[in-house]
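The values are calculated or read from the model by the stated rules, or taken from the named source; none is laboratory data. Because the structure is predicted, anything quoted here is derived from the model rather than measured. No Cβ is skipped: glycine too gets one built from the backbone with ideal geometry, and neighbour counts run over all protein chains shown. Accessible surface is based on the protein model in full, side chains and every heavy atom, while ligands, DNA and RNA are left aside. Shrake-Rupley method; radii C 1.70, N 1.55, O 1.52, S 1.80 Å.
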Amino acid sequence: MAMTMTQKILAAHAGLDSVEPGQLIEADLDMVLGNDITSPVAINEFEKCGASSVFHKDKIALVLDHFAPNKDIKAAQQCKQTRQFADKYDITNFFDVGQMGIEHALLPEKGLVGPGGAIVGADSHTCTYGALGAFSTGVGSTDMCAAMITGKLWFKAPSAIKVELVGKPTGFVCGKDVVLHLIGEIGVDGALYQSLEFTGEGVAALSMDDRFTIANMAIEAGAKNGIFPVDEKTLAYCQDRYRGEVKVYEPDPDAVYTRTVTIDLGALRPTVSMPHLPENTRRIEEVGDVRIDQSVIGSCTNGRISDMRIAAQIMKEKKVAKNVRCIVIPATQEVYLQCIREGLAEIFVKAGAVFSTPTCGPCLGGYMGILAEGERAVSTTNRNFVGRMGHVDSEVVLASPAVAAASALTGYLTDPAKL
């Protein structure tokens, strides 16, 4: 039976020759992920059911990133509970303050996920690792509990949408613009419980950071996962980094897709997503005069070194606009150090921005940039739902690092090419 890339990975992990869409399977897992919000719930269930061991101490990753460094007593208690669990069961991949980063940037950087793997995480943006040619998806905390105990989970094999990429991006267009364009075209439920499988000659024109950004936001189209083919860039990224065995899966030539969406990368323009859904997209020239109060550059979507570099390029020797707060958050400690080595941190600080330790912080309305009533932020994060970053009467506009940096300098949503 012909299969897509995702279906082949799931079949292999289920010990089956093939799977078909809708088929229920039990698959072995290569990595189980939790953070400081979702892990305590899983730990409570773990203890409630009487479990006394984890399936593999090296195949669980616990990352304190959402409210760390702790913003309040409740956050501190959650981190303490996770810390104690990691210590009790000798969890190898436990990342606390000083070593942690935003989980979906940290795990690839540390070589904990790679091509052909099957990864679940109690966080919806676990789909990020599809950039490496892995099946990765978000699950609930009770599923995380079961996965930590057994190393297995049930899945329904998804059907797939083929996203054919052609051409090359130009100007300031990056992965964020690609995925916002796609979500604008198919909608926030356009890929519901399907795999978004990216293919075409345009894939080669995208950096690994672009691919991480695109796969990260597959969930914003309702997808079960997003996945890219394994090519020379993927293998170069994994070399001397990925700790597992590289396994390359390719879709069969006659694999069945529910639809094909073609995106000409060369025709794209910087794209933003207006409140209050990621599908509410517009090209930057279509937004008009939209004032902002805050600009956030960071997150699991756009906190990597290439994101920091483009923001610094735009902000160098310039100043953040009066009455605008600009918050720059590198995704990991390594990105933070690289910003220092390259002088990017100095550029941000001299421009009048805050340069923060790695944290999810403002993305989920946690801390480090909560919005007040009536305020509007442009953000490189992944969701702009009502109240996502603060007050229910605040607004979030999703954008690329280039647009967020340019807008911080003018106080309005701005095309970076016009600075």
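Kindly establish whether GLU285 is among the acidic types (Asp, Glu) and out of contact with any Lys or Arg (no Cβ under 9 Å at 6 or more places or on another chain). Criteria not met by GLU285. Selection of first residues in the range 261-283 that are open to solvent by 60 Å² or more (accessible area, probe 1.4 Å) and of second residues that are assigned to a loop (DSSP other than H, G, I, E, B) and among the aromatic types (Phe, Trp, Tyr), restricted to Cβ pairs under 8 Å at least 6 apart or on distinct chains, gives the following pairs, ordered by first then second residue: HIS276/PHE385; LEU277/PHE385. In the range 274-307, the residue that is nearest to ASP189 (Cα to Cα) out of those that are assigned to a helix (DSSP H, G or I) and of a type in the set (A, V, I, L, M) is ILE284. Taking the conditions (1) part of a loop (DSSP other than H, G, I, E, B); (2) modelled with pLDDT of 95 or more in turn, LYS350 satisfies each one other than (1). When each of GLY343, GLY365, GLY369 is tested for being free of Cβ contacts under 8 Å to residues at least 40 places away in the same chain, open to solvent by less than 50 Å² (accessible area, probe 1.4 Å) and more than 25 Å from VAL173 (Cα to Cα), the lone residue that passes is GLY365. Filter the range 90-108 down to the residues that are within 13 Å of the chain's Cα centre (by Cα) and over 15 Å from PHE228 (Cα atoms) and list them by number. Scanning the range 90-108 gives GLY101, ILE102, GLU103, HIS104, ALA105, LEU106, LEU107. Count of the range 380-405 residues, restricted to those that are in a helix (DSSP H, G or I) and either among the polar types (S, T, N, Q) or farther than 23 Å from GLU279 by Cβ (or both), is 1. Is it the case, given these coordinates, that SER39 is hydroxyl-bearing (Ser, Thr, Tyr) and surrounded by fewer than 21 Cβ atoms within 10 Å (Cβ to Cβ)? Considered against the rule, which asks whether it is hydroxyl-bearing (Ser, Thr, Tyr) and surrounded by fewer than 21 Cβ atoms within 10 Å (Cβ to Cβ), SER39 comes out as no. Scanning the range 309-318 for residues being out of contact with any strand residue (DSSP E or B) (no Cβ under 7 Å at 6 or more places or on another chain) and either in a helix (DSSP H, G or I) or open to solvent by less than 40 Å² (accessible area, probe 1.4 Å) (or both) gives a total of 6. When the range 307-341 is examined, which residues are found to be among the polar types (S, T, N, Q) and either farther than 23 Å from PHE95 by Cα or at pLDDT below 95 (or both)? Matches in the range 307-341: GLN313, ASN323.
To keep it simple, each residue is scored yes or no on (1) buried (at least 18 other Cβ atoms within 10 Å of the Cβ); (2) under 14 Å from ALA134 (Cβ atoms); (3) touching a strand residue (DSSP E or B) at 6+ places or on another chain (Cβ under 9 Å); (4) not aromatic (Phe, Trp, Tyr).
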{"position": "ASP189", "(1), (2), (3), (4)": "no, no, no, yes"}
{"position": "ALA205", "(1), (2), (3), (4)": "no, no, yes, yes"}
{"position": "LYS224", "(1), (2), (3), (4)": "yes, yes, yes, yes"}
{"position": "GLU232", "(1), (2), (3), (4)": "no, no, no, yes"}
{"position": "ALA236", "(1), (2), (3), (4)": "no, no, no, yes"}
{"position": "ASP240", "(1), (2), (3), (4)": "no, no, no, yes"}
{"position": "LYS247", "(1), (2), (3), (4)": "no, yes, no, yes"}
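Taken together, the residues in the range 94-113 that are out of contact with any Phe, Trp or Tyr (no Cβ under 6 Å at 6 or more places or on another chain), surrounded by fewer than 19 Cβ atoms within 10 Å (Cβ to Cβ) and of a type outside the set (D, E, K, R) amount to 3. At least 1 residues being touching a residue at least 60 places away in the same chain (Cβ under 8 Å) is the threshold, and among the strands (runs of 3 or more DSSP E) wholly inside the range 1-114 those reaching it are 24-28, 31-35, 60-63.
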